[in-house]
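Right, one structure below, let's go through it.
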Amino acid sequence: MSEVTRVSPNSTDTLVAVLGAGVMGTGIAATVAGHGIPVVVLDSDPGVLDQAAERIDRQLRHARLMGALPAELPPGPITMTTRYDAASAATTVVEAVTEQLESKTKALNSAATTVGPATPLISNTSGIPIDELATGLLQPERLVGTHFMNPPYLIEQVEVIRGRRTSPATMASLHDFLGRLNRRGVLVRDSPGFVTSRLLHAMLNDAASIVGEGIADAETVDGLMQGCLGHRTGPLRTADLIGLDNLVDSLDALYERTGELRYRPCPQLRSMVRKGNLGRKAGKGFYEY
């Protein structure tokens, strides 16, 4: 997929449902709302939704301060709910639940039976192949992968994964959706982890292992990666931003599907997740926030 056409959003005929109110779900919702498009955010936990509403508000303010949103557009209305029927009029569904096959399949099927039969189902999976996800869906031709980077409201390029059963109509709808968000999609072949996760997650795992082995602390690791290799934020700050529990889930998914030891979560990551030190969203990870 090459550079997308930039399209002026029209909130009167567009409604986006985002499944999951975690780190990526809220970031995607903020991106959509920031482009003047109404959003329904669904999550099974009302407490998570309360926190998500505050997070989306902060992200919208940050995005506007950074000049990352159209200045002429007021934010689209945002609905936080536990009810799928609140999204029955959705013209696009974006799934951003935990990186587990069963959870994603359940959320996608619940949405598919609620929205119209032509509504595309976009999975923000970071590692589960689209064909594998599609196997559990009643209408696999509606599914396509679109891997937004974190934070979605600042990063304009996204990874796009077309499954073997993804229909041309679904691809056309995705093209229109990304155009409304002023995002550029890059098409890659379907496989575990695609491109970005296969490269990035192995590095994050190694960086955490270096800290766990006492070779260097987090600031030193990040400082060397920034100063010597040009990494903008450092791998461990990146891991904290992703959420260490999300990172472990993604690594587990990659390890299960590839068998490559570099994707097996290191003891340092496992230990931090057990202790609840999940990164920025928890106030503590490799750094304190």
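Table for the structure above
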| read-out | value |
| --- | --- |
| Per-region count, region 177-188, residues touching an Asp or Glu at 6+ places or on another chain (Cβ under 7 Å) and either without any contact (Cβ under 8 Å) to a residue 40 or more places away in the chain or basic (Lys, Arg) (or both) | 3 |
| Residue list for region 207-257, restricted to those being without any contact (Cβ under 8 Å) to a residue 12 or more places away in the chain and either in contact with a Cys (Cβ under 8 Å, 6 or more places away or on another chain) or of a type in the set (A, V, I, L, M) (or both) | 210, 215, 216, 224, 229 |
| 3 or more residues surrounded by fewer than 21 Cβ atoms within 10 Å (Cβ to Cβ): qualifying helices (runs of 4 or more DSSP H) within region 177-289 | 196-212, 218-229, 244-258, 267-274 |
| Unmet criterion (only one of (1) outside any loop (DSSP other than H, G, I, E, B); (2) closer than 17 Å to residue 158 by Cβ) for residue 107 | (2) |
| Residue, nearest to residue 108 (Cα to Cα), within region 25-78, restricted to residues that are surrounded by 24 or more Cβ atoms within 10 Å (Cβ to Cβ) and small (Gly, Ala, Ser) | 25 |
| Options 63, 21, 17, 33; residue that is touching a residue at least 24 places away in the same chain (Cβ under 8 Å), over 24 Å from residue 173 (Cβ atoms) and among the aliphatic types (A, V, I, L, M) | 63 |
| Hits in region 80-89 - residues which are in a strand (DSSP E or B) and either of a type outside the set (Val, Ile, Thr) or exposed (fewer than 15 other Cβ atoms within 10 Å of the Cβ) (or both) | 80 |
| Counted residues, region 100-136 - those being of a type outside the set (Gly, Ala, Ser) and surrounded by fewer than 19 Cβ atoms within 10 Å (Cβ to Cβ) | 10 |
| Of all residues in region 102-120 being touching a residue at least 40 places away in the same chain (Cβ under 8 Å) and of a type in the set (A, V, I, L, M), the one that is farthest from residue 247 (Cα to Cα) | 118 |
| Residue in region 22-53 that is nearest to residue 153 (Cα to Cα), counting only those that are part of a helix (DSSP H, G or I) and more than 18 Å from the chain's Cα centre (by Cα) | 50 |
| Qualifying residue in region 156-169 (condition: in the same structural domain as residue 132 (by TED's automatic domain parsing), farther than 23 Å from residue 98 by Cβ and part of a helix (DSSP H, G or I)) | yes |
| Unmet criterion (only one of (1) modelled with pLDDT of 95 or more; (2) not in a strand (DSSP E or B)) for residue 118 | (1) |
| Test for residue 7: is it modelled with pLDDT of 95 or more, of a type outside the set (Gly, Ala, Ser) and over 15 Å from the mean Cα position of the chain (by Cα) | no |
| Test result for residue 174, assigned by TED's automatic domain parsing to the domain that holds residue 67, in a helix (DSSP H, G or I) and in contact (Cβ under 8 Å) with a residue 24 or more places away in the chain | yes |
| Looking only at region 164-176, and only at residues there that are surrounded by fewer than 20 Cβ atoms within 10 Å (Cβ to Cβ) and not small (Gly, Ala, Ser), the one that is farthest from residue 257 (Cα to Cα) | 176 |
| Only one of 274, 232, 257, 264 that is closer than 30 Å to residue 39 by Cβ, outside the structural domain of residue 37 (by TED's automatic domain parsing) and among the basic types (Lys, Arg) | 232 |
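The values are calculated or read from the model by the stated rules, or taken from the named source; none is laboratory data. In this text the structure is predicted, and so the values were computed from the model without any measurement. Backbone-built Cβ (ideal geometry, glycine too); neighbour counts: all protein chains shown.
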